[in-house]
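Okay, so here's the structure we're looking at.
Computed from the coordinates by the stated procedures, all read-outs in this text should not be read as laboratory data. Remember, predicted model here, so these are calculated numbers, not experimental data. Counting neighbours? That spans all protein chains shown, and the Cβs are built from the backbone with ideal geometry, glycine included.
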Amino acid sequence: MKAIVLRAYGGPEELKAEDVKVDKPGAGEVRLRQTVIGINFHDAYVRSGLYKTLALPGIPGIEAAGVVEAAGEGVTAFKDGDRAAYVTAGYGAYASHRLIAADKLIRLPDAIDDRTAGAMMVKGLTVQMLLTKLRPLAAGETCLVHAAAGGVGQMLTQWAHHLGATVIGTVGTDAKASKAKANGCDHVIVYSREDFAARVTEITAGKGVQMVFDSVGGDTFEGSLAALAAQGILVNFGQSSGPVPPFAPARLAAKSNAVWRPILFHYIENRSARQEMADALFAAVAEGIVKVEIGAEFPLEAAAEAHRAMEARATTGSTILRV
Ligand SMILES: NC(=O)c1ccc[n+]([C@@H]2O[C@H](COP(=O)([O-])OP(=O)(O)OC[C@H]3O[C@@H](n4cnc5c(N)ncnc54)[C@H](OP(=O)(O)O)[C@@H]3O)[C@@H](O)[C@H]2O)c1
């Protein structure tokens, strides 16, 4: 099989294609012929060495869709030819084939094609986690979504808008502002040139927002805190601009705020919880609540180029690798 093997932490140039042997599936495993691999910002943290969660040499990547081509002993839920997708903290997705425990697979309904599945599982499940697992966002509330034209940002905006919330989105460029509007943002702030916290105060007539969804991290954390309403929650779920510096929890007392730092993997460890979340995501796509934009796609061998584009803030929506 072809795989992208990371041998040293570093820049995108460390993502190199190699020929790797793939074994027969063991007990409880299947061999998946992968068709579409999702690119996530998490992959950049792993590649750069910010996270040391992939042992080197190793194959990065946490999501893909494909077709089962062999099932190991004891596997009854999947057979050859079944279409499936997965999200895993076990890495190994940047490859044409892989072995994976059958109980990690999510069966794909006919209505969800491989491209959509490969582009949305991590991002769509993350959106569900953000909107339902701590404090459900309610109709009539206002939220702030950073990087609103990005992969998670677009789906989060669409779903929050559907729930009846007012969505304020931030984006880096005017072109992204048009995308964010088209996805359901009621207000868009180009935070590369505007003070977003001051604009939120203006838009909300001084009240602030009930929830901030902040995946940008270092550059936005302080402004996000300032943009919160009394009792509002800052959800810091990423660090595209760099990690958030340490802060004193006592600062939250000024407005009885809370900060939540969730990780999707913890919410999908349990198989039935994962299936329930996947079913809700598939339904949201079928109903047109979530529309997955694939803004860029690359062949598997060009994974480095995909990382360059993502880290240069040049992508919108989801980015995928084709096998
Ligand atoms: N906690 C979890 O379980 C979880 C799960 C999934 C994703 N995430 C996080 O969610 C975020 C979004 O993931 P994604 O894959 O959908 O990526 P993405 O949002 O499509 O891409 C990142 C975006 O962040 C913005 N950004 C701001 N400052 C940046 C900088 N210095 N460098 C690069 N980008 C910067 C850019 O948008 P603008 O140009 O508009 O600023 C960029 O397009 C990531 O931080 C990721 O780690 C977390």
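Points worth noting:
- A180 vs. criteria in a helix (DSSP H, G or I), within 11 Å of the ligand (Cβ to nearest atom) and buried (at least 19 other Cβ atoms within 10 Å of the Cβ): yes
- Scan of region 160-170 for residues that are over 16 Å from V292 (Cα atoms), buried (at least 21 other Cβ atoms within 10 Å of the Cβ) and more than 14 Å from the ligand (Cβ to nearest atom), ordered by number: A165, V167
- When T116, T157, T173 are checked against the criterion of being crowded, with 22+ Cβ neighbours inside 10 Å and under 22 Å from H307 (Cα atoms), a single residue qualifies: T116.
- All conditions but one from (1) free of Cβ contacts under 8 Å to residues at least 24 places away in the same chain; (2) outside any loop (DSSP other than H, G, I, E, B) apply to K79; the one that does not is (2).
- Taking region 183-208 as the range and being crowded, with 17+ Cβ neighbours inside 10 Å, assigned to a loop (DSSP other than H, G, I, E, B) and of a type in the set (A, V, I, L, M, F, W, C) as the test, only C185 passes.
- Among the candidates A304, A296, A280, A286, residue that is touching a helix residue (DSSP H, G or I) at 6+ places or on another chain (Cβ under 7 Å), among the small types (G, A, S) and farther than 29 Å from L6 by Cβ: A280
- Hits in region 132-154 (condition: within 13 Å of the ligand (Cβ to nearest atom) and surrounded by fewer than 24 Cβ atoms within 10 Å (Cβ to Cβ)): K133, L134
- Among the residues of this structure, A229 does not count as one that is surrounded by fewer than 19 Cβ atoms within 10 Å (Cβ to Cβ), touching a Ser or Thr at 6+ places or on another chain (Cβ under 9 Å) and not in a helix (DSSP H, G or I).
- Residues considered: A302, A278, A306, A312. Of these, the only one that is surrounded by 13 or more Cβ atoms within 10 Å (Cβ to Cβ), within 12 Å of the ligand (Cβ to nearest atom) and among the small types (G, A, S) is A306.
- Selection over region 281-297 of residues that are assigned to a helix (DSSP H, G or I) and buried (at least 16 other Cβ atoms within 10 Å of the Cβ) gives a count of 4.
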